[in-house]
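Worksheet: one structure, shown below.
The values are calculated or read from the model by the stated rules, or taken from the named source; none is laboratory data. What you see is a predicted model; the values in this text were computed from it and never measured. Here the Cβ positions follow ideal geometry from the backbone for every residue, glycine too, while neighbour counts run over all protein chains shown.
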Amino acid sequence: MAAQHYDAVVIGAGQAGVPLSQALARSGRRTALIEREHVGGTCINEGCTPTKTMVASAKTAYVDRRSADYGVHNGPVAVDMPEVRGRKRAMVDSFRNSNLRRIEATDGLDLIAGEASFTGPKALAVRTNDNQDLELGADNVFINAGARPANPPIEGLDNVPALNSTSIMELDVLPEHLLVLGGSYVGLEFAQMFRRFGSEVTVVELGGQLMGREDADIAEAVAGILREDGIEVLLEAKTRLAAQDDTTKIILTVDTSEGERTLEGTHLLVAAGRPPNTETLNLGAAGIETDRRGFIKANECLETSVPGVYALGDVKGGPAFTHISYDDFRIIRTNLLEGGSATIADRPVPYTMFIDPQLGRIGLSEQEARDQGRDVRIATIPMTYVTRAVEMGETRGFMKAVVDAETAQILGCAVLGIEGGEIMAMIQIAMMGNLPYTVLRDAVFAHPTLSESLNTLFSSVEHH
């Protein structure tokens, strides 16, 4: 069978691959988009969309249970897991189908359902989902193959029925006791979610704090919130062995600072890292270089070691966020289609962890700033100082900003509190405009909004 030649081939219909394939096709390039499972990538199918949909259900259960705090009395709260799952599935289907419709409506774009692997620098073999073999050649190849959950090397783990971040959202029964392996963003969102649905939850984290990338005070406050919600959080806990007993209970043998512990649960969620989907791509045949963990090496313009072959999104390592993947698409579009010279250098990396209250983060953490030897001043206020939070009955958490002592520029912030992600974005806008912190300190914001807390936060710079 003769190889079909395309101007561009995009591998993976993720949050970079979909808009990129459309932009390429619209520019007059004959384009193929190869996807082995669902369009929309992790975000729509297993990531942001389904998890935040379920987080909303969990938040409703939480508010419902404490409604008496607001003088509102109702009966006992019952969470129907099949209904929660049904709402989640409907949301995913709706997002996925609108993506699919847009792809199918794009002239010059062929969507191929199948798995691609390289046979040369710009040559691909595709095994389609209906078992046909295609050969494709392309002037440019764009890899947006993503990453996936995987098991860490723990004895016995492969022999127990472990859940990952995808399969846990398909449960139609509520776990009696959920064990969570991994105390970072994914593990903690699910830990709190299932606690609020009604499960007993234990989090097992190898490191000395939750979320190793965050400042210790933030990690400690998050642990405090989770413990207040009734979650057991174990730190410096090394899981040695996973097994299943004859009652189908899952047993973890864990070394802690207080000695060995045996944890028993009905369900186990493994949330300990996401390796890239590169091993089926046969990158060696193309001469595409990867790092030791399998992530594709790419330069500041996202080009791999093979000219004309690019990597976008999670598959290249670095911050694994949807908005980063989408910005990767914009960089390629700017450079290839608009004659620009965009790079990933100095781009901000905002993110929000959707525990409740949220953690919004942008820029340097205090620890990073100090490690860089910068002269910084730190602003912090507890959420109890925020009028609106007090009125809404959600005062957990605190706000923190890192300011350059000489220039008064804001270097970063962490907002752990109600709508923390939205408040973080306001600070990010100030950072993008190079506004000194004093502008926010002295700004007139509407009262009583959460944003008004920026007056109080930045007034605290002088007092620390």
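Some notes on this structure:
- Residue list for region 250-273, filter: modelled with pLDDT of 95 or more, within 30 Å of Gly318 (Cβ to Cβ) and in contact with a Gly (Cβ under 9 Å, 6 or more places away or on another chain): Leu269, Val270, Ala271
- The condition (being within 18 Å of Asp328 (Cα to Cα), of a type outside the set (Gly, Ala, Ser) and touching a Leu at 6+ places or on another chain (Cβ under 6 Å)) is satisfied by just one residue among Val18, Val10: Val10.
- Residue that is nearest to the chain's Cα centre (by Cα), among those in region 28-56 that are of a type outside the set (A, V, I, L, M) and closer than 15 Å to Asp139 by Cβ: Thr31
- Remark: pairs (first residue in region 121-139, in a loop (DSSP other than H, G, I, E, B); second residue among the hydrophobic types (A, V, I, L, M, F, W, C) and surrounded by fewer than 17 Cβ atoms within 10 Å (Cβ to Cβ); Cβ separation under 8 Å; 6+ apart in sequence or on different chains) = Asn129/Ala113; Asp130/Ala113.
- Number of residues in region 96-120 that are assigned to a strand (DSSP E or B) and closer than 14 Å to Gly12 by Cα equals 10.
- Answer residue from region 132-153, given it is surrounded by fewer than 15 Cβ atoms within 10 Å (Cβ to Cβ) and either of a type in the set (Ser, Thr, Tyr) or under 25 Å from the mean Cα position of the chain (by Cα) (or both) and is nearest to Asp328 (Cα to Cα) among those: Ala150
- The criterion of at least 1 residues that are of a type in the set (S, T, N, Q) and out of contact with any Phe, Trp or Tyr (no Cβ under 6 Å at 6 or more places or on another chain) is met, among strands (runs of 3 or more DSSP E) falling completely within region 254-314, by 259-265.
- Ile34 fulfils the conditions (1) closer than 18 Å to Gly198 by Cβ; (2) outside any helix (DSSP H, G or I) except for a single criterion, (1).
- Test: residue in region 60-81 that is under 25 Å from Met353 (Cα atoms), modelled with pLDDT of 95 or more, outside any loop (DSSP other than H, G, I, E, B) and touching a Ser or Thr at 6+ places or on another chain (Cβ under 8 Å): no
- Taking the numbered list (1) within 30 Å of Leu337 (Cβ to Cβ); (2) of a type outside the set (Lys, Arg); (3) under 24 Å from the mean Cα position of the chain (by Cα) in turn, Ala25 passes all entries but (3).
- Counted residues, region 78-117 - those being surrounded by 15 or more Cβ atoms within 10 Å (Cβ to Cβ), more than 14 Å from Ala32 (Cβ to Cβ) and in contact (Cβ under 8 Å) with a residue 60 or more places away in the chain: 8
- Hey, Arg361 closer than 30 Å to Met54 by Cβ and surrounded by fewer than 15 Cβ atoms within 10 Å (Cβ to Cβ) or not: no
- All helices (runs of 4 or more DSSP H) inside region 367-464 with 1 or more residues being surrounded by 15 or more Cβ atoms within 10 Å (Cβ to Cβ) and within 24 Å of the chain's Cα centre (by Cα): 420-432
- Test: residue in region 378-387 that is modelled with pLDDT of 95 or more and either charged (D, E, K, R) or under 30 Å from Arg26 (Cα atoms) (or both): no
- Members of region 226-260 that are basic (Lys, Arg) and without any contact (Cβ under 8 Å) to a residue 60 or more places away in the chain: Arg227, Lys238, Lys249
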